[in-house]
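Here the structure comes first, spelled out in structure tokens, and everything after it is commentary.
Readers should treat all values here as calculations from the given coordinates under stated rules, not as data from a laboratory. Here the structure is a predicted model, which means the values were calculated and not measured. Every residue, glycine among them, receives a Cβ derived from its backbone with ideal geometry; neighbour counts consider all protein chains shown.
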Amino acid sequence: MENKLRFFYLSGYSSIFSVFASLALAYSLNLIYLIGDERQEPFLFLGIIIGALIYSLMGSLKVKNILFISLLISIISYLIALYLIFSNDMVIDNNMLFIASFLITSPIMPSNVFFNSRLSLKYSSRILFSLIISALFILIILIFAIIYTISNQTVLPYGILFFAILSIIISIILFWKSGDVK
Amino acid sequence: MKILSFMVLFLLLLSLIPVNSSGLVDTKTPIKHVINIYFENNAFDTIFGIYPQDPYSHNKNIINNMTVPDNLLGKNIQGLKQIPDGIYYAKNPVEGYTAFNLDWNHGRLDNFVNGSGQQSMVYFTSNQFGLEWSIASEYSIGDRYFSNYMSESAPNTLLYLAGYTPVINDYGPPPWIPFKESIFGELNQYGVSWGIYVGDPSNGTFDYSSFLYGWDNYKGNLHSWDSLISQIRNGTLPSVSYIFSQDYRDFDQHPPNNVERGEIWLAYIVNEIEKSPIWNSSIIFITYDEFGGFYDHVPPPSLDGVQLGMRVPFIVISPYAKENYVSHTVLTHTSILAFIDYNWNLPALNSLVAHSCIPLDILNLNSTYPDGIIARPPINNILSGVNASLYPTDIEQNFSYIFPLEPQYSYSKLPYQREGYSNITLATLGFPIYIEKNTSIIPFYLQQWFLILLLILNLLILAYWGVKHGK
């Protein structure tokens, strides 16, 4: 039971941390301001959905040095996204936006690797863990996008700050509680 | 003798008090009232694409002698369509930084269908814009007036108000612009009166006041359109006025709004100014925030390192505006700020304003008309045949019968050419700069570096947690 509980709150926290990391990086590089053309939204969200699923599932692989590899993949993904966007003067077509939004979800991979390593899971459970993380990630991004639109695009940095504080508080609680749940 | 000395001393002291009301600060021209009227989302070619050719006109003689701006006449643009007679609005093209840059396509202007969509390839005629064409033909227009930034409303409006934008698209605030760095801050500093006019000022804000950090201290400068009309009539309008058409009653001509509502609203205000005691000391600048994704055939240049957006209409009304004049001067929103600074002999608001051409070629300040005067009298027939109102509703009227109005002076007897340009800027005139470096305000906890710092902190906590407790 305790392990099941850990399974759910660690998957929940992993998705929150991934949202924070993805949004903070996108905000710091001004990539987030590319959003605005309603015709591009299907491509944007398709990239996020597929990216979240694939990167998350990749994080469930049992490979030697997977944490280091996943960090490397995440960094390379970001660099490719940056190159695609800035080599086109931040004007990117639908296909390019799909690829960029796919790549920008890459922090979900090392996050998944790190948190599922805290649990002793069978392979099927690792996949379930990844699917839960990606589903929550997509849901949170979708809700945040709706709130951002309703607010006339004024709450972006406040939203990222909220996720930052939430993520740090939970990580501190996990740190203090880790003795209990180990 | 004592009383006389006291009076002299009193007058001396009085002369030391900074002037802060309209008309008391010296101007370089006879203009004491700059009145800016702001519409939305139309390209120059959308409104003036086939101006002055009116297929329905009753007076071809006048039309055939009018100055033709650089527009669509004589050009065959594939896919471009006239908005049918009897339709008084356009469908809204896709807007945004991405869409507009796709339209522009690095100056090739061949990608509007992929950028803003098929609905961008349209233009109006005198059927819809006969009233605005008539006003324009009596005064001056600019056919090289570009929106200030290749993006949508927020950055362009901030450039219109502050000569600077910290945003590239319609998001925010944050970031905010310090109030003192806006044109209102500068006018305040130098004692030049100003006012902003909107449909409903009851909550003390206008569309972009939220971007001006410190606006709350200046809410008293926000007035209603009704107050505008009162101040025009009694001659108490401030030196610089900004009139925003944006309102729930849809006078802003933003697609898909009925454009004739905005035209009548505009004509009503212009007519009131012409009838008022301030007419002889006024200039009205009418423009649009940005091109809205509509097709325009002139590639925009860059200015002081800023890529300008597509052309938008620019109409200048004044007793000193040349009749039926087309200015080819490269102008943009910061040119209006440059004119304000020039007129009141103020430092250029910032570097971009200093390097923006001033629309001086439009003005006739020296040559006399056949009747021996320099300042033209009002045109009395602007609203002829129009059911005028400050709050027009449900207008669907073929306006081509209005166009053209009879010229005030015969074109052949005008003491100037009816087209020209000017390269004069505040920088070339040696004006100093008021704000050397613009800033934007974002609290540290919302800044990009701080959020990345929090991310690093979060990673360190997790790393420590991982190392300390292992698996």
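Structure notes:
- As an equivalent ellipsoid, chain A spans semi-axes of 29, 19, 14 angstrom, where each value is the square root of five times an eigenvalue of the C-alpha gyration tensor, largest first.
- Cβ neighbours within 10 Å from other chains - mean over A:22-32: 3
- Other-chain or far-sequence residues with amide H under 5 Å of B:PHE314's (modelled H): B:GLY142
- Computed over the Cα atoms of segment B:271-356, the ratio of the radius of gyration to the Kirkwood radius (Rg/Rh) comes to 1.00.
- For chain B, a simple Cβ point-charge model (Lys and Arg +1, Asp and Glu -1, everything else neutral) yields a dipole of about 960 debye relative to the Cα centre.
- Segment B:222-285 and segment B:68-126 have Cα centres lying 28 Å from one another.
- If R0 is taken as 56 Å, the Cβ-Cβ distance between B:PHE444 and B:ASP70 corresponds to a FRET efficiency of 0.70.
- Counting all C-alpha pairs of the protein assembly as shown, share separated by more than 45 Å (%): 31
- Cα-Cα over 24 Å, subset of B:LYS32/B:LYS180; B:LYS275/B:LYS322; B:LYS32/B:LYS275; B:LYS32/B:LYS322; B:LYS219/B:LYS275: B:LYS219/B:LYS275
- Using the Cβ-Cβ distance between B:ASN59 and B:ARG233 with R0 set to 30 Å, the FRET efficiency from 1/(1 + (r/R0)^6) comes to roughly 0.40.
- Among B:THR428, A:THR105, B:THR27, B:THR329, the order by Cβ neighbours within 10 angstrom, fewest to most, reads B:THR428, B:THR27, B:THR329, A:THR105.
- Counting all C-alpha pairs of segment B:27-440, share separated by more than 30 Å (%): 36
- Hydrodynamic radius by Kirkwood, which averages 1/r over all alpha carbon pairs of segment B:222-309, in angstrom: 15.3
- For segment B:187-250: rounded, prolate or oblate by the Cα gyration tensor [a/c cutoff 1.5]: oblate
- Hull shadow area, averaged, segment B:56-191 [alpha-carbon convex hull, nm²]: 11.4
- Intensity falloff of segment A:120-178 expressed as log10 I(q)/I(0), Debye formula with alpha-carbon point scatterers, at q = 0.25 Å⁻¹: -1.01
- Counting only DSSP beta bridges whose two residues both lie in chain B, roughly 30 percent are antiparallel.
- Shape call, segment B:25-97: gyration tensor on alpha carbons, a/c limit 1.5: oblate
- Aspartates and glutamates with Cα under 15 Å of B:LYS28, excluding same-chain neighbours fewer than 8 positions away: B:ASP341, B:ASP361
- Averaged over peptide B:169-175, the number of partner chain Cβ atoms lying within 10 Å of each residue's Cβ comes to 5.
- With a Förster radius of 22 Å applied to the beta-carbon distance between A:PHE68 and B:TYR464, the computed FRET efficiency rounds to 0.80.
- Set of segment A:33-76 residues, backbone N closer than 19 Å to the point 7 Å along the Cα-Cβ line of A:SER124: A:57, A:60-62
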